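Take a look at the structure set out below.
A short reminder: the numbers here are calculations on the coordinates, not readings from a lab. Bear in mind that the values here come from a model prediction, so they are computed numbers and not experimental data. As a convention, Cβ positions derive from the backbone with ideal geometry for all residues, glycine included, and neighbour counts pool all protein chains shown.
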Amino acid sequence: MASSELSTVSRRRLMEAFGALGVVGAAGAATTMLANPGPALASTTTDHDHSAATTSSAADDEMTADEMDAMHEAGVLSFPAETAGKGGELLEYEMDGDVKVFNLTCSVVDWEYLPGKTVDAWAYNGVVPGPQIRVTEGDTVRIHVKNELPQSTAVHWHGLRVPNNMDGVPFITQPPIKPGETFTYEFPIKEGNAGSHMYHSHHNAADQVTRGLLGAFIVEEKDEAARYDVDVDYTMVLNDGPIGAYSINGKSFPATEPVVAKVGQKVLIRFMNEGLMIHPMHLHGFPMQVVALDGYAVPQPYWQDTVNIAPGQRVDCIAEPDEPGVWAFHCHILNHAESKHGMFGMVTAMVVEE
Ligand SMILES: [Cu+2]
């Protein structure tokens, strides 16, 4: 399903759900929202850029309850708000003999993380997160990394068991990839290294990664019977920093994408934290079974409704929704998710249909 199609369909479903719940307070609001979806609403009725959201001001303190409610409502009703650009789509490759050949170009792009709000993101192939690399144990990959940034860079394959000289750390395992240069990584994907991994800059990384040089690198088991048996396979890359302060897959609420599932389905969430802070992700409605940490199956899966993901960690969880509805799904460090102006940042929803 194309992303724009998903976004449109989900907005209609959400409006139906909100209507059924009596959430739409102002008379005719639902009709208005449907006629004038997301972006215009979000940019004209309220300011969802909460980069400094945790600070209070006299103006905030003077807000009436109705004014505050109106800002909260406008944010929710514009979800999922449309923005340009979608990261994390599968990266295509070409075969050279038995080798899967990928191309990544690092450059600075205008990235719209909220309707009408853009930031100079540092991106792989123009998107945040970078495109998802998905391969199989036993493959050999070759990845050409072209640097069009104003700084040097290098790519670390986080969680992958690569030969030392492919590890992507300037001055430890390779020279930095200078502006204008291309560096080629090539390594076999070892058996036993299946799981949810990542790739990101390992040069001036606190800056380069949080600006957007990050992506998912997923390795499937060679044995198909050993792979996850799920209906939805969703990767959720968390980040904090220049892109809207707090983001999920490169977007801030209400421009985040809902996870859509049906009652009874198994929903795999691959949490990945590329930010500088911990993010305890809380799913309303039902717990998630933690099945793997950093790509390795846990000896005994366990249930949580709030899954803490530290920087660098990946946590694979399977939820089995049993109640339909729109279920909030957010970081539970509450000032990563909500201010007086409404929800923002690290917030999305799981939309469960009958
Ligand atoms: Cu958080």
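Summary of values
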quantity: P(r) tail fraction, the range 232-353 - alpha-carbon pairs more than 21 Å apart, %; calculated: 33
quantity: Bins of 10 Å from zero: percent of alpha-carbon pairs in the range 94-225; calculated: 13, 44, 32, 11, 1
quantity: Simple label model, 7 Å out from Cα along Cβ direction - H284 to H144, nm; calculated: 4.9
quantity: Label point distance in nm, M68-E89, each placed 7 Å from Cα along Cα→Cβ; calculated: 4.2
quantity: R134 versus V298: modelled label distance in nm, points set 7 Å from Cα along the beta carbon direction; calculated: 2.4
quantity: Distance between the range 56-111 and the range 215-235 - C-alpha centres, whole angstrom; calculated: 24
quantity: Theoretical FRET efficiency, 1/(1+(r/R0)^6), r = Cβ-Cβ of E181 and Y228, R0 41 Å, to 0.05; calculated: 0.60
